[in-house]
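The values are calculated or read from the model by the stated rules, or taken from the named source; none is laboratory data. These figures come from a predicted structure and were not determined experimentally. Methodologically, a virtual Cβ is constructed for each residue, glycine included, from the backbone with ideal geometry; neighbour enumeration extends over all protein chains shown.
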Amino acid sequence: MKKSFNASMRTSIDTMVGEISAVIKLHSFRLYGSVVLDDFRLGWSDIDFIAFTKQTIEPERADRLLLLRQTLSERHPDNPFYRCFEGVIVHLKEYQSGQYERLVYWGTSGQSITNRCSIDPFSRLELSKYGVTVCGAEDSCLFKTPEKSELIDAVRQHYKGIRRCAVQTDDSLYSCGWLLDIARCIYTLRTGDVIGKTQAGEWALSEHLFRDEGPLKRTLVIRKDPLAYKDDATIKEWLKTLGPTVQQYADMLEQELSHYIS
């Protein structure tokens, strides 16, 4: 396992898998994202997963699964990992056919029972190339590796989101996370691969991508120990001022994207 899998996290993952399995039979449970890229940072990162079931998720089972991470967090208030799980629980055959009757989605802003499932190209690349199956059948073959054109388009869409959503920033740590996202996007454009956010920031510094490296260096300090900075008043004030800096970094991403105009 990766270094990110400390004993407590691994126990939490095993417990989560067991709790889901107690509700519905699992075909497999696959991790991706920061956990498998050796870049999980408690207080910032998620535990990204996709769980395939062997049977259709009927309404009663969907209701039981919907709030499972909150239930486990309440049952184990000293465990910080259960609230970090984000992903989908979906019937394998529905995923393979692309026709969805019912699946359970856990996201940053909440959870829902839905009939839609969309896995972006970045996630598909992580799932196919770096994903780790911790329960059930090895399932990397279920994820089609995206073409370079798909990754470029995904970066372009992310760039548009940065221009739209990060003109002004708040005091959340995610405000400086935009800088790491931009670095990751440029890395993907140049290599056709994905990398952890911390590693992307370090790579960007080694390549001297940005004229003003100070904000990125400060972001990396925060990224490596988010819990030490999330309530720091000075950091909060700085985070609220980052809009112009994010847009300056986005100028570099725009320049990089200009090489891929079709």
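Below is a table of values for the structure above.
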| read-out | value |
| --- | --- |
| Any chance Arg164 is outside the structural domain of Ala233 (by TED's automatic domain parsing) and charged (D, E, K, R) | no |
| Those residues of region 23-78 which are among the charged types (D, E, K, R), touching a helix residue (DSSP H, G or I) at 6+ places or on another chain (Cβ under 7 Å) and within 14 Å of Gly131 (Cβ to Cβ), in sequence order | Arg30, Asp48 |
| Residues that are free of Cβ contacts under 8 Å to residues at least 60 places away in the same chain, buried (at least 16 other Cβ atoms within 10 Å of the Cβ) and part of a helix (DSSP H, G or I), drawn from region 220-234 | Leu220, Ile222 |
| Selected residue (only one of Ser112, Ser206 is small (Gly, Ala, Ser), in contact with a Phe, Trp or Tyr (Cβ under 6 Å, 6 or more places away or on another chain) and either assigned by TED's automatic domain parsing to the domain that holds Ala233 or touching a residue at least 40 places away in the same chain (Cβ under 8 Å) (or both)) | Ser112 |
| Count of region 235-250 residues which are assigned to a helix (DSSP H, G or I) and either surrounded by 14 or more Cβ atoms within 10 Å (Cβ to Cβ) or touching a helix residue (DSSP H, G or I) at 6+ places or on another chain (Cβ under 9 Å) (or both) | 11 |
| For Arg164: the one exception among (1) within 30 Å of Glu256 (Cα to Cα); (2) surrounded by 12 or more Cβ atoms within 10 Å (Cβ to Cβ); (3) among the basic types (Lys, Arg) | (2) |
| Where a residue in region 71-87 is over 16 Å from Arg10 (Cα atoms) and its partner, wherever it lies, is at pLDDT 95 or above, with Cβ under 7 Å and at least six apart | Gly87/Asp48; Gly87/Phe49; Gly87/Ile50; Gly87/Ala51; Gly87/Trp106 |
| Test: residue in region 80-103 that is at negative phi, of a type in the set (S, T, N, Q) and surrounded by 15 or more Cβ atoms within 10 Å (Cβ to Cβ) | no |
